[in-house]
1. Out of the residues in region 31-46 that are of a type outside the set (S, T, N, Q) and in contact (Cβ under 8 Å) with a residue 40 or more places away in the chain, which is least open to solvent (accessible area, probe 1.4 Å)?
2. Looking at (1) closer than 30 Å to ILE90 by Cα; (2) out of contact with any Gly (no Cβ under 7 Å at 6 or more places or on another chain), can you tell me which one GLN246 breaks?
3. Looking for whichever is of a type in the set (Gly, Ala, Ser) and at pLDDT below 90 here; the options are GLY113, GLY7, GLY62. Which one fits?
4. Pick from ILE209, ILE194: which is touching a residue at least 60 places away in the same chain (Cβ under 8 Å) and either under 25 Å from SER271 (Cβ atoms) or touching a Lys or Arg at 6+ places or on another chain (Cβ under 8 Å) (or both)?
5. Kindly provide the set of residues from region 209-245 that are assigned to a loop (DSSP other than H, G, I, E, B), of a type outside the set (A, V, I, L, M) and open to solvent by 30 Å² or more (accessible area, probe 1.4 Å), ordered by number.
6. Quick check on ASP241: is it free of Cβ contacts under 8 Å to residues at least 24 places away in the same chain and over 21 Å from PHE30 (Cβ atoms)?
7. If you check LEU28 against the conditions, is it under 20 Å from GLN251 (Cβ atoms), free of Cβ contacts under 8 Å to residues at least 24 places away in the same chain and assigned to a helix (DSSP H, G or I)?
Amino acid sequence: MRILIFGKKAFKKFREWPAFSALIMVTLFFLINCFVTRNFLTFDYLISLFGNNTPLILISLGVAVVILGGGIDISQGSLITVLNVFFVTITVSSGLDYRLSAVLMLLMGAVIGAINGIVVSLCKVPALLATFSMTFILDGISYWIMPSPMSGMPKELVSWYHGSILGVPTPIVILFISIVMCLFIKRTPIMTWILSVGNSRENAFVSGIPVCITQIFSYMFAGLMGAIAAFSMTANTGSADALLAQGMSLQAVSACVIGGLSMNGGRGSLSGAVLGAIYLFLTSTIVYSLKVDVFYQDLIEAVIILAGVICSVLISRILAKEVKEV
């Protein structure tokens, strides 16, 4: 009897998890892929799938931290593009060692994120407007530096990314390290500060929380995640393109919403952002596997994503209502 009661309490708590609805949809679309996608369950296919979509998971984690703090960042796609262009340009054209170029790229990503945070927190510019403006600035810089695609990155870098570290595929290692970074931050006071600011900026300020520093940190962290994503995309392709990451910003925001994060801030989990990102690329896989005409792929993907957002919200509301009744 005690075991049954404990099981009911555990399941009730599990249903209260903000990402529970995302988990349901990921499970559903994973099963659909098992039937419609050829070789989907093979190790090589799954590793390739996660390797190609590691950047989306990374920026979803960064955007999730910003959203939890009550903000929003729609400049991540443009950030990835300008860092991709910067990385390839200084490595190929200037002859700088790609390892040093990568370090500079990571620092540049954090700095751009910090600028977003400063504009939002100190200049009091609405987050949507600030990051929207940053999108145009970064896109303009990308086109100015590289009007046409460029290749020529060292084969050593590309081979390393498509290889393994201690038997584990490199993209998975990068993703694992990034998730560990998020878990570390989650266990520090800064995450408590971020959630407090997301719930109520005024109450957080009265409580003695450094609101401005917290907001700047959240955007800086998003910039760092964007830089790691840019590194992954560059190492994967060995080239740069000013149109590389179009649409990824809104994909990351959609992943967070599907993952159960509240756009008002203060509610949700980073794991929800990961599940939301997985849902997005599972839907893309289904569309490609069904061999939909290329002219309709974006439309069908958009419809599925919208359906996912709606289902996530509805499932969350139904579960919340059931929990209250219990």
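1. Going through the qualifying residues, I end up with PHE40.
2. The failed condition is (2).
3. Checking each option against the conditions leaves just GLY7.
4. Result of the check over ILE209, ILE194: ILE194.
5. Within region 209-245, PRO210, ASP241 qualify.
6. No; evaluated as a whole, the condition is false for this residue.
7. yes
Conditions tested, residue by residue: (1) out of contact with any Ser or Thr (no Cβ under 9 Å at 6 or more places or on another chain); (2) closer than 23 Å to SER48 by Cβ; (3) modelled with pLDDT under 75; (4) not hydroxyl-bearing (Ser, Thr, Tyr).
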| residue | (1), (2), (3), (4) |
| --- | --- |
| THR237 | no, yes, no, no |
| LEU250 | yes, no, no, yes |
| PHE281 | yes, yes, no, yes |
| SER284 | yes, yes, no, no |
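The values are calculated or read from the model by the stated rules, or taken from the named source; none is laboratory data. As the structure is a computational prediction, the values presented were derived from the model and not from experiment. Methodologically, a virtual Cβ is constructed for each residue, glycine included, from the backbone with ideal geometry; neighbour enumeration extends over all protein chains shown. Side chains are part of the model used for accessible areas, which takes the heavy atoms of the whole protein and leaves out ligands, DNA and RNA. Shrake-Rupley method; radii C 1.70, N 1.55, O 1.52, S 1.80 Å.
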